[in-house]
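This report concerns only the one structure given below.
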Amino acid sequence: MGEEDSEPKRSRGLCGWFIALLVLGAIAAAIAVAVKVKRDHHHSAPKLGPVPGPPGPVVKMYGDALTLAMQFFQVQQSGKLVNNTISWRGDSALQDGSEAQLDLSKGMYDAGDHMKFGFPMAFTATVLSWAILEYGDQMQTVNQLNPAQDSLKWITDYLINAHSSADVLYIQVGDPVVDHKCWDRPEDMTEERPLTQVNTSSPGSDVAGETAAAMAAASLVFKSINSTYSSLLLEHAQELFTFADGYRGLYSESIPEVQAYYNSTSYGDDLLWAASWLYFATGNQSYFDYVTGKNGVAFANWGNPSWFTWDNKLAGTQVLLSRVSFFGGQGSSNSGNLQKYMKTAEAVMCGLLPKSPTATSSRTDNLIETHADRRLGVRLLHADRRRLPSPAGGLIWISEWNTMQYPVASALLALIYSDYMLTSQTASFSCNGDSFGPSDLRNFAISQADYVLGNNPMNLSYLVGYGAQYPQYVHHRGASIPVNATTGCANGFVWLSSTAPNPNVAVGGLVGGPFLNETFIDSRNNSMQLEPTTYNSALIVGLLSGLVTTSSVVQSFT
C-alpha cells in the first residue's frame, strides 16, 4: 500500500506548493501595485487648472436651484412686503418694536415659526454678504444678484434699527415659549411680541460680534451701489464691535432663556470673525493686529479644525483671513500668526477630502440605525441601501438636528478656498504628506451640492421645489395653512396634524436632511428633519452661486 500511494502523494504535494507560490506571487504583486500607487499619490503634484476668468456658461442645474433657493428669503420676510412674488405671503409683524418706539418690522423669521432670533439672522447676513462679494458676478449670470442684495438689505435695515444706541442691541423679537404654542400664519399673528436686548449689564459679545461682522461685510456689498448706506453700516459695525469687545460675556449666560434655542458656546470666535470683516471693510491695521495678536492667541484655537456654523465662526475666519496670505494686504507681513490661520484652514480642508489621511469619518456612508429612527417611526422612507459612486464618500453628517447646515457650510468653504488657490496659482496643499489641489476641493463641493439636489440613495431633493421629488410636509406654519383659512393661535394646530401635503410650497427652503443611515421621515411634526432655516438658505445660496458657472476669479472686496 505504501509503494502504491507514494506517487499520488508527491503529485498532490507538488500541486499544493505550486498553488501556494501562485498565491504568494499574487500577494506580492498586489503589494507592489499598492506601494506604487501610494508612492505616486505622495509624489505626483495635483494638476493646477487655468486662472479663473469671467463667468463662463451657466450650469443649468445649479442656476435653476439658485433661483429657487433665493426665493426662500422672500418666504421668510417680515414687515410690509415690497415686490412680493410669493403668492401666499403678505404683510406681517408691522408693530414689532413698537414697545421701544423702534421699527423692527423688517428682518426675517428664523425658520418655520415666527421668531426673529438676532444671532442666526446676523449670521445669515454675514454669509449672504460673503457669497455676494465672492460670487456676485456669477449670481448675475442667472439674474440673482439684485434679489440677493435686496434680501440682504431687508435684514440689515432691521439690524440697524435693532442697534438703538451704542451699547444696546435688540437680539430677539417674540417669546419662543408663547410663539410655539401657536400654529398660525404670520399675517394672522395676535400673540405678544416682547423684545430682548443685550447691554452693558447683560452683555452678549457673541451676538453683538456677529452683528458687527454682518454690518461690516454688508458695508462692502453696498460700497459701490449705495455709499451712504455702506457708511452707515460700517459706523454701526465699528460701534458694535467696541461694545462686544469692551463688555465681554455670552448672551446665553446673560439671558438664560435663549439656551433652549440658539445657545452660544463661545464669543471669542465671533470677536475674531467681526475683527476680520472690519479689517477688510476699513483696512485699519488695528483690526489685523487684533486677530493676529493676543486675541488670536486666546481665541483662534490654531491647529484644531472645526465646523463652520452659526455658533462657531473659526473655520470661516481662517478661510477669510487666508485671503491675506494668498493675495497680500496692508499689514500682512507683521505676524507669523497669520500663517497659523492659513495652516488651520488647510487642516479644515484636509478633514473634508475623503482621500485625505485626516478625512473625517462623519459621513452618511455609515448605514446604521439611529435612536431618532426608532423615536420617529412614521412615514419612514428607507434608502435602498445601494451606495452611489461619489468622490466625496457621502454627505458630511454631524448632527441629526439640521443635518444640512454642516455639509453645505463645509462645501462653501472648500469652494471659496479652491478659488483662492486657483487665482493665486497655488498648486497644492499637504495633508500629512499627501498632496491635494483646487480640483479636489471643488469636486468635494460639487458632491455635497449634488447630494442636496437629489444625487443620494433616496433620489430626493432636500431643496424644496427643486426636482421631481422633494419634501411635501415641510415644517413651516405659513406653508402648511391655506391662505383662506380662518385660524387663531391654538385652533391652527389642525393644520400641523393634517395628513394632506402642504397647500403652499416653502419654495427654496433647505430642510434639515437625512439621518445618518440615509432615512428621511416626511412628516410635518418632524421638525428635526423637515424645518428649513434662513441661515441654511444663505449657505446654499453661496454654494450654488460658486458652482453656477466655471471657477470664479477672486477679486478685492474693496
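The values are calculated or read from the model by the stated rules, or taken from the named source; none is laboratory data. This one's a predicted model, so the numbers in the text were calculated from it and none came from an experiment. Positions of Cβ are backbone-derived with ideal geometry, glycine not excepted, and every protein chain shown enters the neighbour counts. When the accessible area is computed, the model is the full protein with side chains, heavy atoms only, and any ligands, DNA or RNA have been set aside. Shrake-Rupley method; radii C 1.70, N 1.55, O 1.52, S 1.80 Å.
Data overview
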| quantity | calculated |
| --- | --- |
| Where a residue in segment 425-438 is of a type in the set (A, V, I, L, M) and its partner, wherever it lies, is surrounded by fewer than 13 Cβ atoms within 10 Å (Cβ to Cβ), with Cβ under 8 Å and at least six apart | A427/A45 |
| Residues of segment 196-212 satisfying the condition of being over 28 Å from the mean Cα position of the chain (by Cα) and either open to solvent by less than 60 Å² (accessible area, probe 1.4 Å) or not small (G, A, S) (or both) | N199, T200, S202 |
| Residue in segment 89-101 that is open to solvent by less than 10 Å² (accessible area, probe 1.4 Å) and part of a helix (DSSP H, G or I) present | no |
| Search result, residues across segment 68-86 that are among the hydroxyl-bearing types (S, T, Y) and free of Cβ contacts under 8 Å to residues at least 40 places away in the same chain | T85 |
| Hey, L240 outside any loop (DSSP other than H, G, I, E, B), in contact (Cβ under 8 Å) with a residue 60 or more places away in the chain and touching a strand residue (DSSP E or B) at 6+ places or on another chain (Cβ under 7 Å) or not | yes |
| Given (1) on the phi > 0 side of the Ramachandran plot; (2) without any contact (Cβ under 8 Å) to a residue 40 or more places away in the chain, index of the condition G97 fails | (2) |
| Qualifying residue in segment 273-287 (condition: within 18 Å of T124 (Cα to Cα), touching a residue at least 40 places away in the same chain (Cβ under 8 Å) and assigned to a loop (DSSP other than H, G, I, E, B)) | no |
| Which listed residue is in contact with a helix residue (DSSP H, G or I) (Cβ under 6 Å, 6 or more places away or on another chain), modelled with pLDDT of 95 or more and either under 20 Å from W397 (Cβ atoms) or not β-branched (V, I, T) (or both), from L510, L496, L460 | L510 |
| Conditions (1) at positive phi; (2) modelled with pLDDT under 95: number failed by S333 | (1) |
| Pair list, Cβ < 6 Å and 6+ apart or interchain, from segment 387-405 residues that are open to solvent by less than 20 Å² (accessible area, probe 1.4 Å) to residues that are polar (S, T, N, Q) and modelled with pLDDT under 95 | G394/T364; L395/T364 |
| Which numbered condition K223 misses (of (1) surrounded by 20 or more Cβ atoms within 10 Å (Cβ to Cβ); (2) in contact with a Ser or Thr (Cβ under 7 Å, 6 or more places away or on another chain)) | (1) |
| Complete set of residues in segment 143-195 that are more than 24 Å from the chain's Cα centre (by Cα) and of a type in the set (G, A, S) | A162, S164, S165, A166, G174 |
| Hits in segment 69-85 - residues which are in a loop (DSSP other than H, G, I, E, B) and either among the acidic types (D, E) or over 22 Å from R193 (Cβ atoms) (or both) | N83, T85 |
| Flag for A65 being touching a residue at least 60 places away in the same chain (Cβ under 8 Å), buried (at least 17 other Cβ atoms within 10 Å of the Cβ) and closer than 25 Å to A274 by Cα | no |
| Some residue of segment 440-451 being farther than 18 Å from A131 by Cβ, in a helix (DSSP H, G or I), under 22 Å from the mean Cα position of the chain (by Cα) and of a type in the set (S, T, N, Q) | yes |
